[in-house]
Amino acid sequence: MLRVLLSAQTSSARLSGLLLIPPVQPCCLGPSKWADRLLGGGPSAGPVQGLQRLLEQAKSPGELLRWLGQNPTKVRAHHYSVALCRLGQLLGSRPRPPPVEQATLQDLSQLIIRNCPSFDIHTIHVCLHLAALLGFPSDGPLVRALEQERRLRHPPKPPPPLQPLLRGGQRLEAALSCPRFLRYPRQHLISSLAEARPEELTPHVMVLLAQHLARHRLREPQLLEAIAHFLVVQETQLSSKVVQKLVLPFGRLNYLPLEQQFMPCLERILAREAGVAPLATVNILMSLCQLRCLPFRALHFVFSPGFINYISGTPHALIVRRYLSLLDTAVELELPGYRGPRLPRRQQVPIFPQPLITDRARCKYSHKDIVAEGLRQLLGEEKYRQDLTVPPGYCTDFLLCVGSSGAVLPVRTQDPFLPYPPRSCLQGQAASSPTTRDPAQRVVLVLRERWHFCRDGRVLLGSRALRERHLGLMGYQLLPLPFEELESQRGLPQLKSYLRQKLQALGLRWGPEGG
């Protein structure tokens, strides 16, 4: 039965696998998690630990058997897996394993067979693994006994019920509805969508798809175009509460679909549904704001006194006022031709008065702390401000005040804010002196972290692009710090050199020569 163990030619390859199993060190003899996992239960103190130490230090298979046979009251289930492991080390420690008496192996097998009913399931698995590496036959009594005990502890599960054959739309819905569904293979989504018949693509399925793309920043043109086409075809059947969910990924992923009827369709839906669901209406406009496609008619409605008075008494009044403040900023900066009503100044609130939720949630992965330390050592603490919120409510990563000569100035000596709204200021400057420059420029260092981009890493998310666009239109000079460049810097000295090059490329000076 155990003749295979006595053959060096057949056993050496198997026994070498045992050398990959770490020996149980004396320091592992106490109640540690590692020992518990390896040996199937925490070894008790005193004599039990002493027996384990004797087994681990045995010099021959006969000595292993002797320690097990002479100490029946001290032997625990995990000692047998220790004995098998040590046996494998003894047989595999030399190029040609020494001959082992058949009776010794049979006696060790009988000991394990007799005591395996008291083993826990982990010890059984360890012994089966070691027996296979040692070359015990799969149809031999040792392996059969261990397998029988394993089956008793884990009875075979009944076969799962046959699942009905799912078609394209059903497959897509089943995959997207799965609670363990994270980043499902894109090709599977595309193929499921292609195989689905038109009647199978329900609003529920398409909303699940839109939410999945937005949540995981998947900028997939084929899938986004399919959502846009569905919205156009089903226009009369969709409420604004469904439309806001279908439109969400377009703004978030900064993707304007090629579907020519996409914007006319949304304008008709907004005209029809604006008074029915105010929050959904504002959510749709927020997505369109990120795409720079705000319809004037809808803006007239949401800035009307009746709409503003209505939302003031609703539970979501603060979030709607924040969105309306952002829409008003977009009108101020990006829609010079708009002549309709605006959000009253008393109703305006800061747009994003603090770092966004995603930045706060991933702060331990952010480069902000090390960049702040680099700027502190490079410029000094008085020459930059971190996380400063500038009107009308955008939070900046790092802001510098720069004189007309390029010298970085102490922030406390300057007003770090540019005037808002900027249009009247710029028009006044243009009328008085077209060539006059603001004596103190404001430079904003913008961190572009990995999660600020769509999954492909090339296109900024809509909210990030909107923030940078508005800061630039307000007169702030932006200095982007892409994550690829930040991740390539090894340590603070390299990062300081990188920041120095970036600032000097803008013509900035600091230190004794810069003032």
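Cβ-Cβ below 8 Å, separation at least six or inter-chain, first residue in the stretch 95-117 and modelled with pLDDT of 80 or more, second assigned to a loop (DSSP other than H, G, I, E, B): which pairs?
Between residues of the stretch 95-117 that are modelled with pLDDT of 80 or more and residues that are assigned to a loop (DSSP other than H, G, I, E, B), the close pairs are SER109/LEU2; SER109/PHE136; SER109/GLY140; ASN115/VAL75.
If a residue must be open to solvent by 10 Å² or more (accessible area, probe 1.4 Å), in contact with a strand residue (DSSP E or B) (Cβ under 8 Å, 6 or more places away or on another chain) and either under 15 Å from GLY403 (Cα atoms) or in a strand (DSSP E or B) (or both), how many such residues does the stretch 477-507 contain?
Within the stretch 477-507, residues that are open to solvent by 10 Å² or more (accessible area, probe 1.4 Å), in contact with a strand residue (DSSP E or B) (Cβ under 8 Å, 6 or more places away or on another chain) and either under 15 Å from GLY403 (Cα atoms) or in a strand (DSSP E or B) (or both) number 6.
Condition first: in a loop (DSSP other than H, G, I, E, B), open to solvent by 20 Å² or more (accessible area, probe 1.4 Å) and not basic (Lys, Arg). Now tell me which residues in the stretch 292-311 satisfy that. I'd like the intermediate steps shown before the answer.
Going residue by residue through the stretch 292-311, those that are in a loop (DSSP other than H, G, I, E, B) are 292-295, 303-304.
Filter again for open to solvent by 20 Å² or more (accessible area, probe 1.4 Å), leaving 292-294, 304.
Within the stretch 292-311, CYS293, LEU294, SER304 meet the criteria.
Can you name the residue in the stretch 201-234 that is over 23 Å from VAL459 (Cα atoms) and open to solvent by 40 Å² or more (accessible area, probe 1.4 Å) and, of all such residues, is nearest to the chain's Cα centre (by Cα)?
HIS204
Applying the selection to the stretch 452-476, what residues are surrounded by 18 or more Cβ atoms within 10 Å (Cβ to Cβ) and closer than 16 Å to HIS367 by Cβ?
HIS452, PHE453, ARG464, listed by residue number.
Pairs only if they're at least six apart or on different chains, beta carbon under 7 angstrom, first in the stretch 208-223 and within 13 Å of ARG252 (Cα to Cα), second of a type in the set (Phe, Trp, Tyr); list them, first residue then second.
Close Cβ pairs satisfying both conditions: ARG219/TYR255.
Can you name the residue in the stretch 441-473 that is of a type in the set (Asp, Glu) and part of a loop (DSSP other than H, G, I, E, B) and is also modelled with the lowest pLDDT among such residues? First the steps, then the outcome.
To start, the set of residues in the stretch 441-473 that are of a type in the set (Asp, Glu) comprises 449, 456, 468.
Add one more test, that the residue is part of a loop (DSSP other than H, G, I, E, B), and what stays is 449, 456.
Working: GLU449: 94, ASP456: 80.
Filtering first and then ranking leaves ASP456.
Any chance you could count how many residues in the stretch 254-272 are over 18 Å from PHE230 (Cα atoms) and open to solvent by less than 30 Å² (accessible area, probe 1.4 Å)? Before you say what the answer is, go through the steps one by one.
Keep residues of the stretch 254-272 that are over 18 Å from PHE230 (Cα atoms), which gives 254, 271-272.
If we keep only those that are open to solvent by less than 30 Å² (accessible area, probe 1.4 Å) as well, we get none.
Matching residues across the stretch 254-272 total 0.
Of these, VAL242, VAL276, VAL247, which one is touching a residue at least 12 places away in the same chain (Cβ under 8 Å) and surrounded by fewer than 16 Cβ atoms within 10 Å (Cβ to Cβ)?
Values: VAL242 fails: surrounded by fewer than 16 Cβ atoms within 10 Å (Cβ to Cβ); VAL247 fails: surrounded by fewer than 16 Cβ atoms within 10 Å (Cβ to Cβ).
From the options VAL242, VAL276, VAL247, the qualifying one is VAL276.
Any residue in the stretch 348-369 that is modelled with pLDDT of 95 or more, open to solvent by less than 50 Å² (accessible area, probe 1.4 Å) and within 21 Å of VAL444 (Cα to Cα)?
Within the stretch 348-369, the first condition is being modelled with pLDDT of 95 or more, and the residues that meet it are none.
Checking the stretch 348-369: not a single residue is modelled with pLDDT of 95 or more, open to solvent by less than 50 Å² (accessible area, probe 1.4 Å) and within 21 Å of VAL444 (Cα to Cα).
Among (1) modelled with pLDDT under 95; (2) crowded, with 16+ Cβ neighbours inside 10 Å, which single condition is ARG412 missing?
(2)
Residues in the stretch 216-271 that are among the polar types (S, T, N, Q), in contact with a Gly (Cβ under 9 Å, 6 or more places away or on another chain) and part of a helix (DSSP H, G or I): how many?
If we filter the stretch 216-271 for residues that are among the polar types (S, T, N, Q), which is where we start, we get 222, 234, 236-237, 239-240, 244, 254, 260-261.
Next, from what is left, pick out any that are in contact with a Gly (Cβ under 9 Å, 6 or more places away or on another chain): 254.
Filter once more, keeping what is part of a helix (DSSP H, G or I): none.
The number of residues fulfilling the criteria is 0.
Using beta carbons and a limit of 9 Å, which pairs, at least six apart or on different chains, have the first residue in the stretch 370-390 and assigned to a helix (DSSP H, G or I) and exposed (fewer than 15 other Cβ atoms within 10 Å of the Cβ) and the second one at pLDDT below 95 and among the hydroxyl-bearing types (Ser, Thr, Tyr)?
If the second residue must be at pLDDT below 95 and among the hydroxyl-bearing types (Ser, Thr, Tyr), the pairs left are GLU382/THR413.
Pairs under 9 Å by beta carbon, first residue of a type in the set (Val, Ile, Thr) in the stretch 174-200, partner modelled with pLDDT of 70 or more and part of a loop (DSSP other than H, G, I, E, B), six or more apart or different chains?
ILE190/GLU220
When you look at ILE284, is it open to solvent by less than 60 Å² (accessible area, probe 1.4 Å), part of a helix (DSSP H, G or I) and without any contact (Cβ under 8 Å) to a residue 40 or more places away in the chain, yes or no? First the steps, then the outcome.
Working: open to solvent by less than 60 Å² (accessible area, probe 1.4 Å): yes; part of a helix (DSSP H, G or I): yes; without any contact (Cβ under 8 Å) to a residue 40 or more places away in the chain: no.
It is false that ILE284 is open to solvent by less than 60 Å² (accessible area, probe 1.4 Å), part of a helix (DSSP H, G or I) and without any contact (Cβ under 8 Å) to a residue 40 or more places away in the chain.
The values are calculated or read from the model by the stated rules, or taken from the named source; none is laboratory data. What you see is a predicted model, and the numbers here were worked out from it, not measured in a lab. Don't worry about glycine lacking a Cβ; one is built from the backbone with ideal geometry, like all the others, and counts go over all protein chains shown. Quick note on the areas: whole protein, heavy atoms, side chains included, nothing else; ligands and nucleic acids left out. Shrake-Rupley method; radii C 1.70, N 1.55, O 1.52, S 1.80 Å.
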